[in-house]
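See structure below.
The values are calculated or read from the model by the stated rules, or taken from the named source; none is laboratory data. Remember, predicted model here, so these are calculated numbers, not experimental data. Every residue, glycine as well, gets a Cβ built from its backbone with ideal geometry; the counts of neighbours run over all protein chains shown. Ligands, DNA and RNA are stripped out before the accessible areas are found, and what is left, the full protein with its side chains, is counted by its heavy atoms. Shrake-Rupley method; radii C 1.70, N 1.55, O 1.52, S 1.80 Å.
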Amino acid sequence: MIHKRFTSDPPLQDQLGALVNNSSGEVHAKKCDYVRECELPLIDLGGLMSGDQRKKRKCVADIAKASSEWGFFQAVNHGISQELLEEMRREQMKIFQMPFEKKASCGLLNDSYRWGNPTATSSKQFSWSEAFHVPLTKISEKDCYGEYTSLRDVMENFAAAMAKLARLLAGVLAENLGHPHSAFDKICNDNTCFLRLNRYPKCEISPEMVGLIPHTDSDFLTILYQDQVGGLQLMKDSKWVAVKPHREALFVNIGDLFQAWSNNEYKSVEHKVMANAKMERYSIAYFLCPSYDSMIGSCKEPSLYKKFTFGEFRKQVQEDVKKTGQKIGLTRFLL
């Protein structure tokens, strides 16, 4: 049962309460297990631009190793200015400060506002968060911004910088497996990729409440810019570990499509965000996705996965979530 009432914007507690009443269950009432804090591999991407081939080779090796062993790494000297990152954060906070009714009805950012989890069938499938999930194709359109005109230029510059970095890293990982740096250039472009602006309101209900339920990402790779609140956890050696924020780093993680394409050389790792009882958390994620008709096949034989299009994969994920409340993912496509 939900024992404590407080005002939340968006009205997450009301949605969660309906789930609990329908299932006659408790809200994550179990005792918290200890979760150790870890520091992800920290990689200086300046090595990729170095004229020193030894430094460049080491940087590539570090990226590949982290992608294989962790599925995650932190990147510093990534080429995106701190000024742009901070400006994007300020603009992000402005739009989330709108009253819920306005966020839900004003059509801002391609009418992409979402909150909670409408497909949840129990409290364990509920995400204590809100977001704008924006196609890159819509970022330059004036009609998407309404009164928030200052957001447009910042968001265009931010998206362009993240896209450039994502393609650089995808190219490095493709080359490491003997394929061209441009392997994904034709299938991943502004018509297929997304930005997701996230806000995790503070939550006083339970220390076990999740801001984003455990999942893997349905893309090639994701780049995350987050604040210093913390809450990101990932699965390592069958245990959850908490990721310590790094002020100057961007976080990079491998998605399902890269795991399938690399034939499990790179790992798409389950991760989640824990809610915070004392303060809200902000993050922005860039998702490197292909077109829906792009065929995803393993880069070497024998393949562990049958070939599938990104559209088929997305459809299967959506069907699984609708039926079970959770994503099943690549398991569906194993040979």
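The GNM of the chain, with springs linking C-alpha atoms under 10 angstrom apart, assigns the highest mean-square fluctuation among Pro201, Pro180, Pro245 to Pro180.
Extending 7 Å from the Cα toward the beta-carbon at both Glu39 and Glu156 defines two label points whose distance is 4.0 nm.
For the stretch 98-249, what is the charge dipole size about the Cα centre, in debye to the nearest 20, if Lys and Arg each add +1 at the Cβ and Asp and Glu each add -1 at the Cβ? Please list the in-between numbers first.
Numbers: 17 positive and 18 negative charges, 53 e Å.
It works out to roughly 260 debye.
For the chain, the Cα gyration tensor yields ellipsoid semi-axes of 31, 24, 21 Å (square root of five times each eigenvalue, largest first, whole Å).
When only Cα pairs under 8 Å and 6 or more residues apart are kept, what is the percent relative contact order across the stretch 244-308? List each step's numbers first, then the result.
Working: 50 pairs, mean separation 21.7, N = 65.
Worked out over the stretch 244-308, it gives 33 percent.
Across Lys244, Lys142, Lys65, mean-square fluctuation computed from a Gaussian network of the chain (C-alpha pairs under 10 Å connected) peaks at Lys142. Here the chain is treated with +1 on each Lys and Arg Cβ and -1 on each Asp and Glu Cβ, and its dipole about the Cα centre works out to around 620 debye. Within the accessible area of the stretch 71-138, what % is carbon and sulfur when the probe is 1.4 Å and the other protein chains stay in place? Carbon and sulfur: 48 percent of the exposed surface of the stretch 71-138. Treating r as the C-beta distance of Lys55 and His179 and R0 as 25 Å, the FRET efficiency rounds to 0.65. Between Tyr282 and Leu168, the modelled label-to-label distance comes to 2.4 nm, taking each label 7 Å out from Cα in the direction of the beta carbon. Accessible surface area normalised per residue over the chain is 48 Å², counting heavy atoms of protein chains with a 1.4 Å rolling probe.
Dipole magnitude for the stretch 184-259: about 200 debye, using +1 per Lys or Arg Cβ and -1 per Asp or Glu Cβ, origin at the Cα centre.
If one puts a single equal scatterer on every Cα of the stretch 43-135 and applies the Debye formula without solvent, what log₁₀ I(q)/I(0) results at q = 0.21, 0.23 Å⁻¹? With no solvent term, the Cα-only Debye profile gives -1.01, -1.08. Computed per residue of the chain from DSSP H runs no shorter than four, each worth -39500 (n - 2.57), the mean residue ellipticity at 222 nm is -9500 deg cm²/dmol. Within the stretch 111-160, the GluC sites (Glu not before Pro) that combine a DSSP coil assignment with at most 12 other C-beta atoms in a 10 angstrom radius are Glu141, Glu147.
At a Förster radius of 25 Å, what calculated FRET efficiency corresponds to the Cβ-Cβ distance of Glu83 and Ser140, to the nearest 0.05? Step by step, r from the Cβ atoms, then E = 0.75. Extending 7 Å from the Cα toward the beta-carbon at both Lys65 and Tyr148 defines two label points whose distance is 4.1 nm. Computed on protein heavy atoms with a 1.4 Å probe, the accessible areas place Met295, Met88 in the order Met295, Met88, largest first. The mean sequence separation of alpha-carbon pairs under 8 Å and at least six residues apart, normalised by the residue count of the chain, gives a relative contact order of 20 percent.
If the chain linking Lys322 and Glu204 were pulled fully straight, counting 0.36 nm for each residue of separation and taking away their Cα-Cα distance, it would gain 39.7 nm. Between Ser105 and His246, the contour length at 0.36 nm per residue exceeds the alpha carbon distance by 47.2 nm.
Using only Cα atoms and rounding to the nearest 10 degrees, what angle (0 to 90) does helix 82-96 make with the longest principal axis of the chain? With both axes taken from Cα atoms, the answer is about 30 degrees.
Divide the volume of the convex hull around the Cα atoms of the stretch 72-178 by the residue count and you get 158 Å³ per residue. Please work out the FRET efficiency for the pair Met295 and Lys239, using the Cβ-Cβ distance as r and a Förster radius of 41 Å; give the result to the nearest 0.05. For R0 = 41 Å, the calculated efficiency reads 0.70. Projected over all directions and averaged, the alpha-carbon convex hull of the stretch 229-335 occupies 8.6 nm². Given a 1.4 Å probe and the protein chains as shown, Glu101 ends up with an accessible area of around 130 Å².
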